[in-house]
Structures are given as structure tokens and as C-alpha cells.
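J.: Structure in C-alpha cells, see below.
Please treat every number below as a calculation from the coordinates, not as lab data. The structure presented is a predicted model; accordingly, all values stated were derived computationally and were not measured. When we count neighbours, we look across all protein chains shown, and the Cβ atoms used for this are built from the backbone with ideal geometry, even at glycine.
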Amino acid sequence: MRVILLICFALCLGISLPAQFNKAETKVIQELEAHADDYFKVAKQIWDFAEVGYKEEKSSSLLQQTLKAEGFKIEAGVAEVPTAFVASFGSGSPVIGILGEYDALPGITQTNSPTREKRTDVNAGHACGHHLFGTGSAAAAIAVKNWMQTNNIKGTVRFYGCPAEEGGAGKVYLVRAGLFDDVDAVIHWHPSNGNSADAASSLANKSAKFRFYGVSAHAASAPQNGRSALDGVEAMNMMVNMLREHMTMESRTHYVITRGGNAPNVIPDFAEVFYYVRHPDMKTAAQNFERVVKCAEGAALGTGTTMEYEVIHGSFNLLPNVTLSQVMHENLTRVGGVKYDEKEKAFAEQIISSFEYGENVSVELANNISPFKVTRKGKGGSTDVGDVSWVVPTVGLRTATYVPGTSAHSWQAIAAGGTSIGKKGMIVAAKTMSLTAMQLFQSPDVLSKAKMELQEQTGKDFVYKSLVGDRKPPLDYRD
């Protein structure tokens with residue numbers, strides 16, 4: 001039944017659906033397979049660097065060098081972000097963009113061992129697989145470029161080097177700078193524990209660091225002379241936790257105390273708490289954020305402290321584009337999932353045995369392709385791809401770079417991403433993105449329909465205005 005629906009969809013849009021791959025597609029796939037080890041060397045170097053948001057100097061430089069060597073024109077330091085860049089090949093329209101990320105997560109490290117083994121040379125790790133994300137997207141951009149050259153295809157393929165996805169909203173500043181204004185479609189992917197190309201949304205998210213200032217004093221001999229900044233943080237947290245009862249069920253609010261004082265006998269004159277406020281709808285997320293601000297103001301008043309806050313990032317909920325997602329899903333189905341060899345199966349079984357949350361899965365799931373579905377109400381995490389999706393038709397997929405059952409942001413995700421399991425998932429993504437881009441270059445009707453779908457969702461009067469306002473990129477947010 002699914003095959004019949006895909007055929008009908010393709011006929012409506014004028015897309016051919018070869019039973020296998022045509023000659024040009026076969027060449028692109030073979031090229032990606034032939035260079036898989038080379039691309040994984042690049043990804044592994046970025047995995048080794050483990051650079052956090054807006055600090056990805058070596059990772060960004062390596063990807064720039066890789067693309068420049070393949071004939072791409074590089075524009076570095078775009079949108080006032082030193083580690084952001086745009087790599088372009090070709091000219092004119094259509095313009096097909098491919099997103100790449102490369103930031104690591106702070107505070108979690110792991111070798112590529114299937115048992116817990118922290119690295120001591122770094123204090124961050126690619127627990128979300130962005131080393132594969134950036135490299136796999138670059139591989140797809142290069143493959144598409146080679147196909148364009150060989151077949152004299154007109155248009156532009158453009159790789160966007162996107163830093164600081166993890167809480168820094170790097171893409172927001174690229175969107176705000178107008179770098180997507182002339183783009184016809186954007187393609188992206190993300191490492192995962194399975195393979196899917198759904199038309200799915202995400203949670204909008206707005207974050208800030210709330211800083212409380214008090215008066216220090218001896219906590220035992222003169223507590224009456226002090227005003228505790230930590231009291232302000234704790235009072236704020238208590239009020240926000242009570243506020244949860246009065247938010248909608250889909251709301252998500254979480255925090256971490258980043259500064260709480262230095263010694264128990266010194267009343268802290270400074271304390272800081274970092275908040276994320278999420279919701280499936282960006283307007284509601286922004287409203288909830290303002291309620292959290294009120295809690296902070298009340299906490300400062302009640303504790304005799306002062307408070308200021310800095311918005312760190314804000315990202316829209318992702319707008320699914322069914323038109324493009326159908327094309328992507330069909331290509332993922334043709335490419336297939338991730339097949340483990342015996343050594344990889346043994347590695348995966350060890351990873352699965354380490355799960356502490358009762359996950360009981362089969363390693364064979366890495367080879368499955370999830371059925372296509374449309375989910376317009378976001379859940380789970382957030383992504384700054386959301387902002388891109390409000391200004392240009394956007395499509396993405398996920399591939400099994402982690403062992404089935406693995407949670408992102410875990411040591412198990414880091415471990416698999418540093419092995420051939422991560423490499424295989426990355427190449428599945430590169431193949432699927434390449435085939436999708438090739439079809440879009442030759443399918444003006446699909447691009448037109450995707451644009452109409454986007455306009456229907458945003459409304460004809462929509463004007464993009466980011467959740468971060470006019471603030472500069474927070475280049476020091478990981479300091």
C-alpha cells in the first residue's frame with residue numbers, strides 16, 4: 001500500500017520513481033561509498049576535537065578546508081559568528097541548501113569503547129553526533145556538486161556551517177542575517193538510534209541566564225548583614241516549580257544552577273541559574289518565558305537582592321513540510337538502513353547491556369526504516385533548524401548512528417559515534433540527502449508546491465522576527 005501511495009504522489013508531482021537507482025544516482029552512491037573512510041576520518045577528527053558551541057575553531061576550519069578542496073567558494077565568519085560559514089558551488093537558481101553542525105556537549109566525555117570509559121583530554125563530547133552531522137552534510141554537498149559538474153546541472157548547492165546548535169541558536173543569527181532569503185529548499189539530518197524521514201515538528205525554546213546579586217557577609221557571625229544571591233536563585237526555582245501546575249501539559253521548563261557560591265560560611269553575593277522554557281508553539285513558549293521572568297523578579301524582591309537576566313537563545317518550533325518529506329522518505333527507503341557486521345553487532349550488544357532504563361531492543365532495528373508519518377505538534381527536543389523552516393521549505397531525516405535504544409546526550413551515543421556504526425549511519429544520511437537534492441534540482445513543481453505549503457502554514461503576512469531580538473550572538477555562553 002505504501003509503495004502505491006508513493007507512486008501516486010510521484011506521478012502527481014511529475015517525479016520518476018526508478019525501481020533501483022538510475023545511472024547518475026548509482027554513480028553518486030558509489031562515490032560516497034568509495035570515500036566513506038575519508039569522510040569518517042574528518043568526522044573522527046571533529047569527534048576528537050570535541051569543541052563546544054561558538055568555540056569550534058578547528059572543527060569549522062577542517063570542514064571549510066574539505067569543501068574548499070572540492071571547489072566550493074567559502075565565506076567565513078558570517079552573521080557575526082567566527083565559526084559560521086557558507087560554502088557555495090554553482091550559480092543561479094534553484095538554490096538548495098544543506099545544513100551542517102559540529103558542536104559538542106559540555107560535561108560529558110567517553111572513548112569509543114562499549115563500556116563506560118571517560119576521556120581525560122577533553123571536557124566535552126559529541127553526545128549528539130554533530131561531528132557526523134557536519135561531515136555527512138559536507139559529503140552530500142560534494143557529491144551533489146560532482147553530479148552537477150558531470151551533468152551540466154544549473155543552480156547552486158550551498159553548505160551552511162552552523163555552530164552552537166546546542167543552546168546557542170547559531171542558525172537563528174544566520175536566518176536573521178538573511179542568508180536563507182534566496183534559498184528554494186533546505187536539507188538537513190540528525191544522528192539518531194533509528195532511521196526515519198517524518199514530517200515532524202519540534203518544541204520552541206527560549207533560554208536565559210538569571211543573575212542575582214546580594215551582599216556577602218559571615219554566615220555565622222553576621223548573617224543579618226548579608227543578602228544571599230543564592231536565596232534569590234532558590235526562591236526563583238521554587239516559584240517556577242509551583243508555576244508548572246499552571247502551564248499547559250505540553251510545556252517544559254528546566255534549569256541548572258551554574259553559580260551558587262564558593263564557601264558555606266560566606267553568604268554569596270552572586271548566583272546564577274540557567275533556564276530553558278519550551279512549548280510546541282513559539283508564542284506560548286515566549287509567554288511562559290515572561291512568567292518565569294516574573295518569578296525571578298519576585299524572588300529578588302523577597303530576598304532583598306537584585307536580578308538581571310540575559311537571553312541566551314531562542315528557537316522556533318520546526319514547521320514540517322510534507323511535500324519535501326515524502327520525497328526524502330522515498331529516497332531513504334531506497335537507500336536502506338544500517339547493516340551491522342559481526343563485530344558491530346557485538347559492540348551494539350554491549351552497549352544495549354549498559355542501558356539502565358529498561359530498554360530491551362534488537363540490534364536489527366538499525367536496518368529498519370520507520371513508516372512515514374506527519375506530526376505537526378512538537379515533542380521531545382528543540383532545534384534552531386526551526387527558525388530556518390519558517391523562512392524556507394525545510395526537510396530532514398534521522399539515521400541510526402547510535403545503537404538502537406540509545407538516548408542522545410549519553411556516553412553510549414558518543415561511543416557509537418566514534419566507530420564504524422557512526423560512519424555507516426552518516427553515509428546513509430549522505431546518500432539520502434544527495435538523492436533528494438538531485439531530485440529537487442530537477443523538480444521545479446516540487447519546489448513550488450513546497451513553497452506554497454510553507455506559505456499556508458506561516459500565513460501570507462508572516463514576517464520573521466527571532467526570539468532573541470536584536471542581541472549579538474552569545475559567543476561566550478559556554479564560558
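J.: Would you mind checking the pairs Lys377/Lys431; Lys171/Lys472; Lys206/Lys294; Lys283/Lys377; Lys58/Lys206; Lys68/Lys431 and listing those with alpha carbons more than 19 angstrom apart? It would help to have the intermediate numbers written out before the result.
T.: Numbers: Lys377/Lys431 28 Å; Lys171/Lys472 13 Å; Lys206/Lys294 15 Å; Lys283/Lys377 14 Å; Lys58/Lys206 28 Å; Lys68/Lys431 21 Å.
Those over the limit are Lys377/Lys431; Lys58/Lys206; Lys68/Lys431.
J.: Compute the acute angle (0 to 90°) between the alpha-carbon long axis of helix 57-68 and the principal axis of greatest extent of the alpha-carbon atoms of the chain; round to the nearest 10°.
T.: 20 degrees
J.: Using Cα pairs under 8 angstrom and six or more residues apart, how large is the relative contact order of the range 204-315, in percent?
T.: Relative contact order for the range 204-315 comes out at 46 percent.
J.: Using modelled amide H (1.01 Å from N, peptide plane; none on Pro or chain starts), what sits under 5 Å from the amide H of Thr258, excluding residues fewer than 5 places away?
T.: Counting only residues 5 or more places away or on other chains, the set is Glu272, Val273, Phe274.
J.: For Ser354 and Asn368 in one chain, what is 0.36 nm times their gap in residues minus the Cα-Cα distance, to one decimal in nm? Walk me through the numbers before you get to the answer.
T.: Details: separation 14, 0.36 × 14 = 5.04 nm, distance 2.23 nm.
My answer for the length gained is 2.8 nm.
J.: I need the Kirkwood Rh of the range 379-420: take the reciprocal of the average 1/r across all distinct C-alpha pairs and report it in angstrom. Working shown, then result.
T.: Values: mean 1/r = 0.0805 Å⁻¹.
In the range 379-420 this quantity evaluates to 12.4 Å.
J.: Follow-up. Projected onto the charge dipole of the range 204-315 (+1 at Lys/Arg Cβ, -1 at Asp/Glu Cβ, origin at the Cα centre), which of His246, Tyr309, Ala222 gives the Cα projection farthest towards the positive end?
T.: His246
J.: Separate question: Rounded to whole Hz and in sequence order, give me ³J(HN,Hα) for the range 468-475 from the Karplus expression 6.51 cos²θ - 1.76 cosθ + 1.60, θ = phi - 60°, writing x for Gly and Pro.
T.: 8, x, 9, 5, 6, x, x, 4
J.: Once Rh is set to the Kirkwood radius over Cα pairs, what Stokes-Einstein translational diffusion coefficient, in µm²/s, holds for the range 348-464 at a temperature of 25 °C and a viscosity of 0.890 mPa s? Please list the in-between numbers first.
T.: Working: Rh = 17.0 Å.
Translational D for this selection: 144 µm²/s.
J.: State the antiparallel share, in %, of DSSP beta bridges confined to the chain, rounding to the nearest 5. Don't skip to the answer; put the middle values down first.
T.: On the way: 42 of 63 bridges.
Beta bridges within the chain, antiparallel portion: roughly 65 percent.
J.: Could you compute how fast the chain diffuses translationally, taking Rh as the Kirkwood radius over C-alpha pairs and applying Stokes-Einstein at 37 °C with viscosity 0.692 mPa s? Give it in µm² per second. Intermediate values should be presented prior to the final figure.
T.: Details: Rh = 23.3 Å.
My calculation gives 141 µm²/s for D.
J.: If I take every Cα pair under 8 Å that is 6 or more residues apart in the chain, average their sequence separation and divide by the length, what percent do I get for the relative contact order? If you can, show how the numbers build up before the last one.
T.: Values: 1082 pairs, mean separation 107.3, N = 479.
Contact order relative to length: 22 percent.
J.: So what is the diffusion coefficient of the range 204-315 in µm² per second by Stokes-Einstein at 37 °C and 0.692 mPa s, using a Kirkwood Rh over Cα pairs? Can you show the working numbers first?
T.: Values: Rh = 14.3 Å.
Taking Rh from Cα pairs, D becomes 230 µm²/s.
J.: Put a dot 7 Å past each Cα toward the Cβ at Ser93 and Glu33; how far apart are the dots in nm?
T.: Distance between label points: 3.7 nm.
J.: Could you work out Rg/(2.2 N^0.38 Å) for the range 274-387, with Rg from alpha carbons only? Write down the numbers at each step before the final one.
T.: On the way: Rg = 21.6 Å, N = 114, 2.2 N^0.38 = 13.3 Å.
In units of the 2.2 N^0.38 Å rule of thumb, it is 1.63.
J.: Long-range amide H contacts for Gly396: which residues qualify at under 5 Å (H placed 1.01 Å from N, peptide plane, sequence gap of 5 or more or a different chain)?
T.: It is His188, by chain and number.
J.: On a 0 to 90° scale, report how tilted helix 322-335 is relative to the longest principal axis of the chain, with both axes built from alpha carbons and the result rounded to the nearest 10.
T.: So the inclination is approximately 70 degrees.
J.: Using θ = phi - 60° and the Karplus form 6.51 cos²θ - 1.76 cosθ + 1.60, what ³J(HN,Hα) does each residue of the range 364-377 get, whole Hz, x for Gly and Pro?
T.: Coupling constants for the range 364-377: 5, 5, 5, 9, 7, 10, 5, x, 5, 8, 10, 10, 8, 9 Hz.
J.: Please list 3J(HN,Hα) in residue order for the range 101-118, calculated via the Karplus relation 6.51 cos²θ - 1.76 cosθ + 1.60 where θ = phi - 60°; whole Hz, with x for glycine and proline.
T.: So the J values, rounded to whole Hz, are 10, 7, 8, 9, 9, x, x, 9, 10, 5, 7, 8, 8, x, 10, 4, 8, 6.
J.: To the nearest 10 degrees, how steep is helix 23-34 against the longest Cα principal axis of the chain, on a 0 to 90 scale?
T.: Computed tilt is about 50 degrees.
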